[in-house]
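S.K.: First the structure, which I've put down as C-alpha cells, then a few questions once you've had a look.
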Amino acid sequence: MDKSNEQKFWASQIASAKHRESKWRKQGTKIVDIYRSGIGRNHFNILWANTEILKAATLSNISPPSVTRRHRDEDPTAKQASDILERSLEFITDDEDWARNLRKCRDDMLLAGRGTMWYEYDADFELVPMEEIERLPQVDEAGELIESEAIYHIGGQITKPDMVNSEGAYLEIQGQQRVTAKYVYWKDFLHSDSRSEEDIWWKARRHGLNVDEITSLLGEEATKKIDLPEVTNDSKTEVYEIWEIWCKTTRKRIWFTDRATDTLEVEPAPCQLTTFFPCPKSLYPFETTNTMVPVPEYTVYQPQDQGLNTIVQRFTKLTELLKVAGVYNGASADALIDMNILGDGEYKAIQNAGSFQQSGGFQGALHSLPLQEIITTIQGLEARKGIIKGEIYEITGISDVIRGDTKVHETATAQRLKGSYGSLRLRPRREPMEEFIRDGYRIMSELISDKFTSSNLERMTGLEANEEVMELLKNDQMRSFRIDVETDSTVQPNEEIDQRRAVEYGSVVGNLLQQALPAAQAFPALGPYLGETVKFISRQFKAGRGLENSLNDVIEQLNQAAQQPPQQESDGKELLEQQKLQMEQMKVSQDGQIAQMENQTKMQIAQTNAQVKVMDTQVRANSEAERNAAMIRKNELDILANRR
C-alpha cells in the first residue's frame, strides 16, 4: 500500500532516532543484565553495590512543593492562588505511585543513563438530565419571555444538550479531574536530533496496544489505517508499537505506527504548556555539549570493573588450592595409610618402619602444595583488589563519603572539613534530581490551573477559589509573573540567604535609628542629613529596597515635625537653661543608649556564637550519621556482592 507523505516523514524520524541511539541501547541492556545477575559465577558485582549507594545519594527524600508569591508583596489574590496550587500539588503527589515512579526514573538514570517522566491530564464525565439543571430564562427583542427547551444556564454560560433521546435531553458534566505522572521506560522514549534540551522540537513515547485498545483510544478510523493480519485467534491480542509524538513546531500531537498507511491521528496538543512538552528534561548522569545521546555511568569505570573481576576469578581459584594435598613416593605406598581414618590419640602400625624412617619419614614421602606461595599471591591479589575498588570509588564519588568519615576525638574544624567532602561531590548528583522534581511540579501546576474547575479545586484544597483567583490561574502569563513554583530543596538556600540579609538589615538600621532620632530631636537642622544617611545605608541592603518608599515617608514626617517652630518663651535666660538641661538629659540618654547598644551587641554576639555552635553540632551529627549509614550500607553491599 502507498503511504502518505506525513507517514513517511515520521517513519524516517523515528527510524533515525532509533539508529542514533542503537549503540547506547545495547550498552544499557547489557548493563541492566550485569546489575541483575553479574558477570559469570565468580563476579564481584561492584555495579550493584555502587548503584545501591548512589540511589540514596541521588534521591533519599522527595522534596514537597513550595508555591509562593514571586515578589512576596501585598497581593492577597496571588497568596490565595499560591495556597490553592500548593495544596493541590500536595494532594496529587500524596501517592505511592508518584514516589515509585520517581525512583524508577532515578534507577534508569543510574543504570541505563536516562530517566523520563510523562504527565497526563484526565477527567471523568457523566450525562445529567437537563431538567436537573437550572434553565436560563430567554427574552425576545421586545423583552417578552419566551419558552426554549434547548437553552440552559450552566456556570453563567448558555448551553445546549449533548445528547437527546426518547427519554429526554442530557448534558455531559465534568466530574473528577486528575493529573498523573507516568513513568516512561528508557527504551520507550525518543526525541529529535538535538544538542540541548532547548533545541528539541519533537518528543515521543511508545505504547504497546492491541486492536481493541487502539480502537478505544483513537477510534475505528485509526484502526482501519493499520495493516492488520488475517483474522486468527490471536489477531486481536497482537500488540502494536504505537508512538505518541508531540511536535513543537506544529503544536500537534501525532499518533504513529509503522504498520499503517497513514498517521493514525493528528490533533492539536491537548495541553498548552509553557514548555509545550508534557515531560520535563530527562535525567542524565552527566551531559556533553555535542550530543544528547546518553552515556551509562558504568562505562566510565567498566575497565576497572573488568580488572577487578579478573582478580576475583584468580582469587577464587587460588583459594580453592588452599588445602592439605599433594603427591607421595610410589615406592613407599605400602608404608602409607589413610590418615583421615585415625581418631584423636590413635596410632597405627606400618610395615618397614625402619626403612621408612631412614628415607626421611613423612617429609621424604609426601610432597604438599606450596601453601605459603599461594597465600602470598592471594595477599597480593587482595591488595590489588582494594586499589581497584578505590579507583572505582574515586570515579563514582563514593570515596568522598568514605573520606568524610570522622572520628569522635577530632576537632570541630576537622569534622566540618571532612563533612564537606561527601556533600561537595554528591551535590551535582542531587541538583538534577531536585530540578527534575521541580519541573514536574511546574507542569502539574499548569495542568491544574488550566484544566481544573473552581469547584474541584475547592473540594480538593478546602480554600475558596473565587473569580479573581481563577482568572489569575487561567492566565498563564500573569500566573508566571506573580506565582513561583519550587521545591523545598531548591528554595531553601535562597530563603536562608534572605533571612540572614533581613536580620542583618534590621540590626544595622535599628541601631542607626536609635542614634539618629535623639540627635534629630535635639538639633532639627541635622534631620535632613541624618535622613539621607539612613536611606543611603538602607539602599546597600537588598532587603531594604522594598522598604525604601515607606522609609522615605517616615523620614519626611520626622523632618516636618522637627521643623515646626518652638513655642515662644518669655524669658531668654530660662530658655537657655532649658536647652542646657535638655543637652544634659540627651547626653545621659545617649550614654545609656550606647551602653544598652553595647550590651545588646554583646548579647547578639553571644547568641550568634551559641547558635553557630548548635548548628555546627547538628551539622556534624547529621553528617556523621549519614556517613555512618553510608559506611554500614557500603559494607553490607560489599558482603552481599561477594556472596553473589
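S.K.: Limited to region 271-324, what total is found for residues that are closer than 21 Å to residue 391 by Cβ, open to solvent by 30 Å² or more (accessible area, probe 1.4 Å) and under 21 Å from the mean Cα position of the chain (by Cα)?
M.R.: 3
S.K.: What pairs can you find where one residue is in region 68-83 and part of a helix (DSSP H, G or I), the other is open to solvent by 90 Å² or more (accessible area, probe 1.4 Å) and charged (D, E, K, R), and their Cβ atoms are less than 6 Å apart, with a gap of 6+ or different chains?
M.R.: If the second residue must be open to solvent by 90 Å² or more (accessible area, probe 1.4 Å) and charged (D, E, K, R), the pairs left are 77/468.
S.K.: Filter region 25-82 for residues that are among the basic types (Lys, Arg) and within 24 Å of the chain's Cα centre (by Cα) and give the result. Walk me through how you get there before you give the answer.
M.R.: Looking only at region 25-82, we keep the residues that are among the basic types (Lys, Arg), and these are 25-26, 30, 36, 41, 55, 69-70, 72, 79.
Residues satisfying the conditions are 55, 69, 70.
S.K.: In region 1-52, which residue that is in a loop (DSSP other than H, G, I, E, B) and within 30 Å of residue 316 (Cα to Cα) is modelled with the lowest pLDDT? Show your work before the answer.
M.R.: Of the residues in region 1-52, the ones in a loop (DSSP other than H, G, I, E, B) are 1-4, 21, 38-45.
Subsequent filtering for residues that are within 30 Å of residue 316 (Cα to Cα) retains 38-45.
Details: 38: 71, 39: 65, 40: 61, 41: 67, 42: 68, 43: 76, 44: 81, 45: 85.
The residue in question is 40.
S.K.: Let me ask another. Quick check on residue 314: is it modelled with pLDDT of 85 or more and closer than 30 Å to residue 473 by Cα?
M.R.: Working: modelled with pLDDT of 85 or more: yes; closer than 30 Å to residue 473 by Cα: no.
Answer is no for this residue.
S.K.: Another question, then. Just need a number here: residues in region 248-277 that are of a type outside the set (Ser, Thr, Tyr) and touching a residue at least 60 places away in the same chain (Cβ under 8 Å). Give the derivation first.
M.R.: Initial filter on region 248-277 (of a type outside the set (Ser, Thr, Tyr)): 248, 251-256, 258-260, 262, 264-273, 276-277.
Those left that are additionally touching a residue at least 60 places away in the same chain (Cβ under 8 Å): 254, 256, 258, 260, 262, 266, 270-273, 277.
Adding up the residues that qualify gives 11.
S.K.: Oh, and also: Would you check if residue 181 is out of contact with any Cys (no Cβ under 6 Å at 6 or more places or on another chain), over 18 Å from residue 25 (Cβ atoms) and not in a loop (DSSP other than H, G, I, E, B)? So that I can check it myself, show each step before the final result.
M.R.: Working: out of contact with any Cys (no Cβ under 6 Å at 6 or more places or on another chain): yes; over 18 Å from residue 25 (Cβ atoms): yes; not in a loop (DSSP other than H, G, I, E, B): yes.
Against the criterion (out of contact with any Cys (no Cβ under 6 Å at 6 or more places or on another chain), over 18 Å from residue 25 (Cβ atoms) and not in a loop (DSSP other than H, G, I, E, B)), residue 181 qualifies.
S.K.: Here's another thing I want to ask about it. Considering (1) part of a helix (DSSP H, G or I); (2) within 30 Å of residue 51 (Cβ to Cβ); (3) at pLDDT below 80, say which one residue 407 fails and leave the rest.
M.R.: (1)
The values are calculated or read from the model by the stated rules, or taken from the named source; none is laboratory data. On a predicted model such as this, the values are computed, not experimentally measured, just so you know. Here the Cβ is made from the backbone with ideal geometry for all residues, glycine too, and neighbour counts use every protein chain on show. Side chains included, ligands, DNA and RNA excluded: accessible areas come from the protein's heavy atoms. Shrake-Rupley method; radii C 1.70, N 1.55, O 1.52, S 1.80 Å.
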